[in-house]
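S.K.: This is the structure I want to talk about, given as structure tokens.
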Amino acid sequence: MSTERERAPRLPPHWFIRAFWAVHRAMYRASGGRFGLRRARPDREGMLALTTTGRRTGRTHRVIVGYLEDGPNLITMAMNGWGEGEPAWWLNLQASPETRVDLADGHREIRARAAQGAERARLWEALRQLDPNLDAYAERRSSETAVVVLEPR
């Protein structure tokens, strides 16, 4: 009788995740925004460029994150490559929630907030439909992963 331990899905090393996103952002910039963004579909996340204002420096920062559509809202997770701590872009948005996102088909002025309660559970389930390992990845973090709602303003 064999007893197999369930294993958490493997992730690439954190340095690799950071390097991948750095290269992705560089290609986006070098192509003038023609490469790197895509629309969300029911079976996959889209990619958007999010502009934030540094909470300490006041400088503009841009990151590319995955997203889903939920009616007029865009949904993403503040996951920091599944590492510990909150990503800087999420901390910046908490300090200054009104900003802009660039999408494959244009841009939107948005206001960011964290989903709470039943809304968070519903959105988490939508994200889980795209990645059945989502809960196992989230368990790697000591704090709950924020589900971020980007509402049009």
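S.K.: So which residues in the range 102-112 are surrounded by fewer than 16 Cβ atoms within 10 Å (Cβ to Cβ) and either free of Cβ contacts under 8 Å to residues at least 40 places away in the same chain or aliphatic (A, V, I, L, M) (or both)?
M.R.: If the condition is that a residue be surrounded by fewer than 16 Cβ atoms within 10 Å (Cβ to Cβ) and either free of Cβ contacts under 8 Å to residues at least 40 places away in the same chain or aliphatic (A, V, I, L, M) (or both), then Ala104, Gly106, His107 are the ones that fit.
S.K.: Name every residue in the range 39-59 that is exposed (fewer than 15 other Cβ atoms within 10 Å of the Cβ) and touching a strand residue (DSSP E or B) at 6+ places or on another chain (Cβ under 6 Å), in order of residue number. Full working, then the answer.
M.R.: Looking only at the range 39-59, we keep the residues that are exposed (fewer than 15 other Cβ atoms within 10 Å of the Cβ), and these are 39, 41-44, 55-59.
Hit for the range 39-59 is Arg39, nothing else.
A quick yes/no check of all residues on (1) within 16 Å of the chain's Cα centre (by Cα); (2) surrounded by fewer than 16 Cβ atoms within 10 Å (Cβ to Cβ); (3) farther than 20 Å from Arg39 by Cβ:
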residue	(1), (2), (3)
Ala115	yes, no, yes
Ala118	no, yes, yes
Ala121	no, yes, yes
Glu125	yes, yes, yes
Arg128	yes, yes, yes
Pro132	no, yes, yes
Asp135	yes, yes, yes
Leu150	yes, no, no
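S.K.: Among (1) out of contact with any Ser or Thr (no Cβ under 7 Å at 6 or more places or on another chain); (2) closer than 26 Å to Pro97 by Cα; (3) at pLDDT 75 or above, there is one condition Phe20 misses while meeting the rest; what is its number?
M.R.: Against the list (1) out of contact with any Ser or Thr (no Cβ under 7 Å at 6 or more places or on another chain); (2) closer than 26 Å to Pro97 by Cα; (3) at pLDDT 75 or above, Phe20 comes up short only on (2).
S.K.: Here's something else I'd like to know. Can you name every residue in the range 52-79 that is touching a Phe, Trp or Tyr at 6+ places or on another chain (Cβ under 8 Å) and either over 22 Å from Ser143 (Cα atoms) or free of Cβ contacts under 8 Å to residues at least 60 places away in the same chain (or both)?
M.R.: Those that are touching a Phe, Trp or Tyr at 6+ places or on another chain (Cβ under 8 Å) and either over 22 Å from Ser143 (Cα atoms) or free of Cβ contacts under 8 Å to residues at least 60 places away in the same chain (or both): Thr52, His61, Val63, Ile64, Val65, Leu74.
S.K.: Being within 12 Å of Ala112 (Cβ to Cβ) and not hydroxyl-bearing (Ser, Thr, Tyr) is the filter; apply it to the range 60-88 and report the residue that is surrounded by the fewest Cβ atoms within 10 Å (Cβ to Cβ).
M.R.: Looking at residues that are within 12 Å of Ala112 (Cβ to Cβ) and not hydroxyl-bearing (Ser, Thr, Tyr), I get Asn73.
S.K.: So the check is Cβ under 6 Å with 6+ separation or different chains; which pairs have a first residue in the range 12-35 that's polar (S, T, N, Q) and a second one that's surrounded by fewer than 11 Cβ atoms within 10 Å (Cβ to Cβ)?
M.R.: No pair meets every condition.
The values are calculated or read from the model by the stated rules, or taken from the named source; none is laboratory data. As the structure is a computational prediction, the values presented were derived from the model and not from experiment. Here Cβ is always computed from backbone atoms with ideal geometry, including for glycine, and neighbour counts include all displayed protein chains.
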